[in-house]
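Notes follow once the structure below has been shown.
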Amino acid sequence: MTDQPTDRMPEVGRTAIVAFIVLALGLAWAVALPLWLGGGLASPLAGLLLPLIMYTPAAAVLGVLLVLRPVPRGRRLRLLGMWPLRPARRVVGMSIIALFGTIGVVALSLAVAVVCGWITLDLVTFSGFAEVLQSGPAGAAALPPVGLLVIAQLLAMPVAAATVNAVAAFGEEIGWRGFLLPALRRYGTWPALLISGAVWGIWHAPIILLGYNFARTDITGVLLMTTGCLAWGVLLGWLRLRSGSVWPPVFAHGALNAAAGLPTLLFAAGTRPDPALASVLGASGWIACALVAVVLLVTGQFRRQPALATPPSGPAAASRP
C-alpha cells in the first residue's frame, strides 16, 4: 500500500533538473581544479577541498531553487525531504535502519569478497592492519595492542556515521536524494534511482581521475565508481522514497563512509586486496547491494513510498518552470 502525503508537491521541471546536474558537476570540477594544477591528492589543499567538494551538490540545489524557483518557497524543505520530520516514528525508524543496515551491507560485501577469494582476512592477529601501523611514521611502539585498536575502530563506526560523517554526507544527499531523485520520479521509480545514481558516480570524476578510491587515473576508475554509486544509489534511494525524508539516506551515506575502511582493518599481511573487487564500491559491494535490493524488491518494499514531487492540480500546474 502506498503512503500518501497530506498535500501534493509540484513537479520539478526538466530545465531545473538539467541545470542542477550541470551545476553540480561543474562546481565539483571547479573546486577540484587546484588539485589538478598542482600536487593532486598529495596537495596540502586536499584536506580542505575534498570535504568542500561534498557540498557542491547542496550549492547546486541552492542555486537552482533561488534562480529558477521550480517550487514555491514554502514547499522547498518538503520537496528536499528536510521537513517536516513526520511521521516521526517512520523517520526515526528508517534512520536507525539506514545507520546499522548500511554497516551490515558493508559487512556483507566483505563476506562476498572472502567467498570469491578477493581478500584474505586475519581475524586473530589483524596482521595486515598491524603492518600498516608499523609502516607509519611512529611505528607500532607507542600504540596500544592492535586488537584493541580494531575493536575501538569498530565501535566508533556508528558514532562517526551519525555525527561527523553525516554532516559531510548531508552536502551530497541534499542534492542526490533530496532534490534529484524526487525530481526524476516523473520518469518512474527505477529510472529515477538509476539516473540519480549514475549522476552521483560521474560527479566523482574530478577526484577519481586523480587516483581516489581505486588508484586508477583513467576512465576505468570512473566506470568503477559509477557502477558502485548505481548499486548504492538504489539502496539510499529506497530509503529516501520509503521514508519520504532525506535524513535516512544522510545517515546511510555517513555509515557507508565510516565503514568503507573495514577491509583495511581485517586483511591479512602480505596481501593487497584490489579495491575494484574487494571494497564497498567495487564488485563485492555491487553484489551485496544487489542481494539486498532483490530482497527489497521481492518483498514489495519499493512499492511502499510517499508520493514525492507529484504535479499540482488546477490552473497553477501550467505556470511551473
Name every residue in the stretch 208-220 that is open to solvent by 10 Å² or more (accessible area, probe 1.4 Å) and not polar (S, T, N, Q), in order of residue number. L209, L210, G211, Y212, A215, R216, D218, I219
Matching residues in the stretch 1-37 (open to solvent by less than 90 Å² (accessible area, probe 1.4 Å) and at pLDDT below 95) number 9
Across the stretch 79-101, what is the total count of residues that are open to solvent by less than 90 Å² (accessible area, probe 1.4 Å) and not in a helix (DSSP H, G or I)? 5
Which of the residues spanning the stretch 165-214 are within 17 Å of I53 (Cα to Cα) and assigned to a loop (DSSP other than H, G, I, E, B)? H204, L209, L210, G211, Y212, N213
Which helices (runs of 4 or more DSSP H) does the stretch 221-313 wholly contain that include 1 or more residues that are surrounded by 19 or more Cβ atoms within 10 Å (Cβ to Cβ) and small (G, A, S)? 247-259, 283-298
Among what's in the stretch 38-78 and is open to solvent by 50 Å² or more (accessible area, probe 1.4 Å) and outside any helix (DSSP H, G or I), pick the residue that is modelled with the lowest pLDDT. P72
Is there any pair linking a residue in the stretch 79-101 that is in contact (Cβ under 8 Å) with a residue 60 or more places away in the chain and closer than 18 Å to G171 by Cβ to one that is of a type in the set (S, T, Y) and buried (at least 21 other Cβ atoms within 10 Å of the Cβ), with Cβ under 6 Å and at least six apart or on different chains, and which? G81/S245
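Among what's in the stretch 188-198 and is open to solvent by 20 Å² or more (accessible area, probe 1.4 Å) and at pLDDT 95 or above, pick the residue that is farthest from I17 (Cα to Cα).
We begin by selecting, within the stretch 188-198, every residue open to solvent by 20 Å² or more (accessible area, probe 1.4 Å); these are 188-191, 194-195, 198.
Add one more test, that the residue is at pLDDT 95 or above, and what stays is 190-191, 194-195, 198.
Working: W190: 17, P191: 14, L194: 15, I195: 11, A198: 14 Å.
Among those that are open to solvent by 20 Å² or more (accessible area, probe 1.4 Å) and at pLDDT 95 or above, it is W190.
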Among the numbered criteria (1) modelled with pLDDT of 95 or more; (2) surrounded by 12 or more Cβ atoms within 10 Å (Cβ to Cβ), which single criterion is violated by L123? (2)
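The values are calculated or read from the model by the stated rules, or taken from the named source; none is laboratory data. All of these numbers come straight from a predicted model, not from anything done at the bench. FYI the Cβ positions are ideal-geometry reconstructions off the backbone, even for glycines, and counts take in every protein chain you see. Each accessible area value is taken on the protein alone, full model and side chains, heavy atoms only, with ligands, DNA and RNA left out. Shrake-Rupley method; radii C 1.70, N 1.55, O 1.52, S 1.80 Å.
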